[in-house]
1. Which of the residues spanning segment 40-89 are touching a Leu at 6+ places or on another chain (Cβ under 9 Å) and among the aromatic types (Phe, Trp, Tyr)?
2. Collect the residues in segment 75-134 that are modelled with pLDDT under 95, touching an Asp or Glu at 6+ places or on another chain (Cβ under 8 Å) and hydrophobic (A, V, I, L, M, F, W, C), keeping them in residue-number order.
3. Given the structure, is Ser138 surrounded by fewer than 12 Cβ atoms within 10 Å (Cβ to Cβ), in a loop (DSSP other than H, G, I, E, B) and not basic (Lys, Arg)?
4. Write out, first by first residue and then by second, each pair whose Cβ atoms fall under 7 Å of each other, whose residues are 6+ apart or on separate chains, and whose first residue, in segment 50-77, is closer than 22 Å to Arg17 by Cβ and in contact (Cβ under 8 Å) with a residue 60 or more places away in the chain while the second is surrounded by 15 or more Cβ atoms within 10 Å (Cβ to Cβ) and of a type in the set (Lys, Arg).
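The values are calculated or read from the model by the stated rules, or taken from the named source; none is laboratory data. As the structure is a prediction and not an experimental result, all values here were calculated from the model. All Cβ positions, even for glycine, are placed from backbone atoms using ideal geometry, and neighbour counts span all protein chains on display.
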Amino acid sequence: MSYVRVWIHCVWGTKKRIPLLTVDNKWDILNHIKENAKKKEIYIDFINGDKDHIHCLISLNADETISKTIQLIKGESSFWINKNRLTNSKFEWADEYFAVSVSESQLPKVREYIKNQEEHHRKNTWKQEYEEFCEKYSFAKIMG
């Protein structure tokens with residue numbers, strides 16, 4: 001048996017950054033994502049977000065890839081959101097996402113960052129956060 005623990009901080013947004021995550025639906029959506037991930041044996045340690053994007057701290061197993069894991073989460077959740085009419089318009093996630101590895105020693109800091117998304121976005125816009133991520137992780141600017 002192999003023992004693997006790979007922590008990934010993932011961020012993805014709504015298509016065209018439309019603010020579809022509201023006070024009325026955000027926690028229903030986030031709780032559903034976490035419960036559905038559990039059924040698929042995807043471990044989401046922490047999840048939160050703001051009006052147009054979410055952050056997840058995920059622990060990958062040996063047979064999971066980042067792209068497949070995020071595809072499973074995003075695809076099923078957008079289907080569920082639309083089926084349950086949780087938004088006034090068609091819900092879609094953007095194709096792009098960020099994913100960076102996290103060391104065990106940084107887990108508390110990342111959890112705290114994810115936990116405080118609403119407070120963080122009272123001071124910084126999604127665009128500012130995006131630019132900070134691009135600079136910090138040397139990503140080319142790929143997301144709108």
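1. Hits for segment 40-89 are Tyr43, Phe46, Trp80.
2. Trp126
3. Details: surrounded by fewer than 12 Cβ atoms within 10 Å (Cβ to Cβ): yes; in a loop (DSSP other than H, G, I, E, B): yes; not basic (Lys, Arg): yes.
So Ser138 fits the description; yes.
4. Here the result reads Asp52/Arg17, each pair linking segment 50-77 to a residue that is surrounded by 15 or more Cβ atoms within 10 Å (Cβ to Cβ) and of a type in the set (Lys, Arg).
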